[in-house]
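See structure below.
Readers should treat all values here as calculations from the given coordinates under stated rules, not as data from a laboratory. Since the structure is predicted, the reported quantities are computational estimates derived from the model, not experimental observations. In this analysis, Cβ positions are derived from the backbone assuming ideal geometry, glycine residues included, and neighbour counts consider all displayed protein chains.
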Amino acid sequence: MSKMFDVVVIGGGPGGYIAAIRAAQLGLKTACIDEWMRADGKPALGGTCTNVGCIPSKALLQSSENYDHAVHAFGEHGIRVGSVELDLAQMLKRKNKVVRQNNEGIAYLFKKNKVMFFHGRGSFAGGSAGGWQIRVKGTAEETVTARHVIVATGSKPRPLPGAPFDNAQILDNAGALALAEVPKRLGVIGAGVIGLEMGSVWRRLGAEVMLLEMLDTFLPAADETLAEAAWKIFTKEQGLDIVLGAKITRVTASKKGVSIEYAGPNGAHKLECDRLIVSIGRVPNTEGLEAAAAGLKLDRRGFIEVDADCRTNLPDIWAIGDVVRGPMLAHKAEEEGVAVAQRIAGQHGHVDFNTVPWVVYTAPEIAWVGRTEQQLKNDGVAYRAGSFPFMANGRARAMGDTRGFVKFLADAATDRILGVHIIGPMASEMIAEAVVAMEFHATAEDIALICHAHPSLSEAMKEAALAVDKRTLNL
Ligand code: FAD
Ligand code: NAI
């Protein structure tokens, strides 16, 4: 028997589950279909982010940083711990527990908000405006009908041609988060966000890590001054071996390991490693959705085509998150989910792409919002810049983490903040102040006038804002 809903969301990642909760809060009868399955066959809500992305990577980044501190930093604080031993099995067990807590948290939120959950694969089975039929194929098969459909089917890792993932030797993000042993030599293709985060985890745990990056520029999306500082810290202090301008010519996996042949700036090379992570970007996931049969339009790169409000070419079918254009970030997917639910309910939906923050969770963390200095130069915008180093911040000194700086970019004529760029401790948390400031169209002077707690890392924000007007107090 067909069940009728106001909204059916396909995909229970951060885009989909948040859209479903918001739709239900707005009084719409809502269902969410998600196919993710644990090893025991049970559902695992939360998508890539919760199961093999944001959450487990941050759990391992935290654990490996703790280990690194115990080995290298505790002594300076006057703490002698003797010999420090790594219990990788326990580290992975803890990571899995954190993931499970998040899976269960979402299931609880569905119950609380009366979102009906279906475990299985959702696909378009017919219909038109006013009543789209969605087939759910799980342990049983049934069809539901929806007035509105929100497609939130996310993304999947892009394989390197000629080197398919086996998650034994050639690893995608899921494999990179589940290595049962620390490899002696770990190769990484792609020095983007996943490459740097996962490379950092395994480097801290003792692997020799070499990253092969196709581009000649390191972290091209970041402000050049941040990318330069990060390069120095990662390659000189942390021992990440990063090769830029590497063109992979052949990858061969055998029982002994993986051999990667590449043409680099100084000719042809061969890298032998025990395991290889391939992190060269992700592709939209529309597999099994029967999107073409339904007439849903994809763009030439396979993303579902949407307008600025996330409307597809079909009436009352919407798409959000990694499966549509824009940055592949969990918080971007969530914002689109809320906005679409509100539009369906006849309310206003708000997503501001100019104030989506970016964070790379390395140590130190890298975070930014708004435009970079090189973008402002290219766009011919007159700006003033101000920077403040954590070296001159009391809290950073007390913490023993003085690497990096905060940089403000403000319009030369109006002083309005155009971008904020941070490399340093807890940059992921500090960037929130900049996002708020930019959303409220604040000036650098506004931040300079705000009282910031002492001693705190956030004082570096105030000082960088003061630096725009060349009047820092502590430098
Ligand atoms: P997804 O999270 O991919 O969820 C899609 C869901 O839909 C999945 O559960 C999938 O099984 C399900 N599905 C697909 N097709 C169907 C179907 N036909 N029927 C039923 N279910 C279906 N972003 C950040 O912002 N911060 C981070 O720190 C961060 N770290 C990351 C680390 C790694 C290693 C990776 C890989 C990604 C990371 N990301 C991070 C990116 C983030 O995970 C994604 O941007 C986010 O998960 C996208 O959310 P989504 O809801 O669009 O899709
Ligand atoms: P990415 O786009 O960040 O980096 C991929 C890198 O691989 C780029 O530098 C690219 O130039 C390089 N590359 C591409 N093809 C190559 C080739 N053939 N040989 C060598 N290098 C090649 O993508 P990544 O790291 O796979 O992550 C996917 C997405 O997941 C990110 O774009 C991001 O949106 C999201 N993510 C976000 C995180 C966060 O917010 N902290 C953490 C991890 C992932």
Here P(r) for the range 93-252, Cα-Cα distances in 10 Å bins, as whole percents, is 8, 26, 25, 20, 17, 4, 0
For SER200, the net charge from surrounding residues (Cβ-Cβ under 11 Å; K, R +1; D, E -1) works out to -2
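Mean residue ellipticity at 222 nm from the helices of the chain, using -39,500 (n - 2.57) per DSSP H segment of n ≥ 4 over the full residue count, to the nearest 500 deg cm²/dmol? All intermediate terms of the calculation are to be shown ahead of the outcome.
Details: 14 runs with 148 residues, N = 475.
Mean residue ellipticity at 222 nm (helix-derived): -9500 deg cm²/dmol.
Counting other beta carbons within 10 Å of each residue's own, what order do VAL144, VAL420 fall into, fewest first? Before the final figure, lay out the partial values.
Values: VAL144 21, VAL420 29.
Taking fewest neighbouring Cβ atoms as first place, the list is VAL144, VAL420.
Percent antiparallel among DSSP beta bridges with both residues in the chain, to the nearest 5? Let's see the in-between values first.
On the way: 57 of 89 bridges.
Antiparallel bridges: around 65 percent, rounded to the nearest 5.
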Percent of all Cα-Cα pairs per 10 Å bin for the range 309-369, counting from 0 up to the last occupied bin, reads 21, 46, 23, 9, 1
Sorted largest first, the Cα spans of the range 207-294 on the principal axes come out in Å as 53, 40, 26
Restricting to lysines and to Cα separations under 24 Å from LYS3, and discarding same-chain partners fewer than 8 apart, the set is LYS29, LYS42, LYS111, LYS112, LYS114, LYS137
Rounded to two decimals, the Rg over Rh value of the chain from Cα coordinates and the Kirkwood Rh reads 0.98
Using the Cα gyration tensor of the range 334-475, the equivalent ellipsoid's semi-axes, largest first and to the nearest Å, work out to 27, 19, 14
Ordered by number, the trypsin sites (Lys or Arg not before Pro) in the range 227-272 that occupy a DSSP loop and have at most 16 other Cβ atoms within 10 Å are LYS255, LYS256
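How much of the DSSP beta bridge set in the range 19-144 is antiparallel, as a percent to the nearest 5?
Of the beta bridges lying entirely in the range 19-144, close to 75 percent run antiparallel.
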Karplus ³J(HN,Hα) for the range 439-444 (6.51 cos²θ - 1.76 cosθ + 1.60, θ = phi - 60°; Hz, whole; x = Gly/Pro) runs 4, 8, 6, 6, 9, 4
Per principal axis, largest first, the Cα atoms of the range 217-371 extend in Å by 57, 38, 24
The chain: longest segment with zero exposed GluC sites (Glu not before Pro), where exposed means DSSP loop plus at most 14 other C-beta atoms within 10 Å, is residues 288-475
